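To start, the structure under review is shown below, and the notes come after it.
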Amino acid sequence: MIKIITVGSLKERYLKEAIEEYQKRIKKYTDIEIIEVKDEGLLPPMQAMEKESEKIKKHISEKEYIITLEIEGKQFTSEEFSRKIEDIQMINSNITFIIGGSYGIDQSIKEKAKTHLSFSKMTFPHQLFRVLLLEQIYRACLLYTSPSPRDA
């Protein structure tokens, strides 16, 4: 089971369509759930992240392998990301990705994560980033379900 908890909701139809398409593709390999929590971007940054973190915590448990998406996180190639997902699923079938809001992710959530992941040093809109993450999860599913040269 893969769960994505994201701050903010999508309004753009083209992004919703892309997300629905990737969810449909990923469901052939594993269950996937996307949970949206309210963006508190109108509050001061620390207060907004704290409120968002309380909402995020309601959707996570100690049993899940948590991966936060952070600009300071570790960068992987697509192949490394695929191997990482495969390795995690060997020990824990419940992977939860957390995408923060406008100000990032509260430290209390970062401390719960076992992996801190970055796709780039660049900043992306979290609505668009959701599509990027789903694409990489789908790519990982394809890579780790395909026979590798070492299996031949």
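The values are calculated or read from the model by the stated rules, or taken from the named source; none is laboratory data. Here the structure is a predicted model, which is why all the values come from computation and not from measurement. Cβ sites come from the backbone with ideal geometry, for glycine too, and all protein chains shown count toward neighbours. Areas reflect the complete protein model, heavy atoms only, side chains present, ligands, DNA and RNA absent. Shrake-Rupley method; radii C 1.70, N 1.55, O 1.52, S 1.80 Å.
If one puts a single equal scatterer on every Cα of the chain and applies the Debye formula without solvent, what log₁₀ I(q)/I(0) results at q = 0.11, 0.16 Å⁻¹?
The Debye formula, applied to the Cα set alone, gives -0.41, -0.87.
Under a Cβ-only charge scheme (Lys and Arg +1, Asp and Glu -1), can you give me the dipole magnitude of region 81-127 about the Cα centre, in debye to the nearest 20?
Using only the charged Cβ atoms, the result is roughly 100 debye.
Once amide H atoms are placed 1.01 Å from N in the peptide plane, what residues at a sequence separation of 5 or more from Val37, or on another chain, have their amide H within under 5 Å of its amide H?
It is Thr6, Val7, Gly8, by chain and number.
Does region 51-112 come out rounded, prolate or oblate, given a ≥ b ≥ c as the square roots of the eigenvalues of its C-alpha gyration tensor, rounded meaning a/c under 1.5 and, failing that, prolate meaning a/b above b/c?
Judged from the Cα gyration tensor, region 51-112 comes out oblate (a/c at least 1.5, b/c at or above a/b).
For region 58-66, what does the Karplus curve 6.51 cos²θ - 1.76 cosθ + 1.60, with θ = phi - 60°, yield as ³J(HN,Hα) per residue in whole Hz, taken in order and with x for Gly and Pro?
With the stated coefficients, region 58-66 comes to 5, 10, 10, 10, 5, 6, 8, 8, 9 Hz.
Ignoring ligands, DNA and RNA, what accessible area per residue does region 1-119 give at 1.4 Å, in Å²?
For region 1-119, the per-residue accessible area is 56 Å².
Looking only at trypsin sites (Lys or Arg not before Pro) in DSSP loops with at most 14 other Cβ atoms within 10 Å, what is the longest site-free stretch of the chain?
64-113
Computing the accessible area with a 1.4 Å probe over protein heavy atoms, can you report the carbon and sulfur percentage for the chain?
Exposed carbon and sulfur together represent 52 percent of the surface.
Size of the dipole of the chain about the Cα centre, Lys and Arg at +1 and Asp and Glu at -1 on the beta carbon, nothing else charged, in debye to 20?
With only Lys, Arg, Asp and Glu charged at Cβ, the dipole is about 220 debye.
With a cap of 12 neighbouring Cβ atoms within 10 Å, and only residues DSSP puts in a loop, list the GluC sites (Glu not before Pro) found in region 1-100.
Glu12, Glu62
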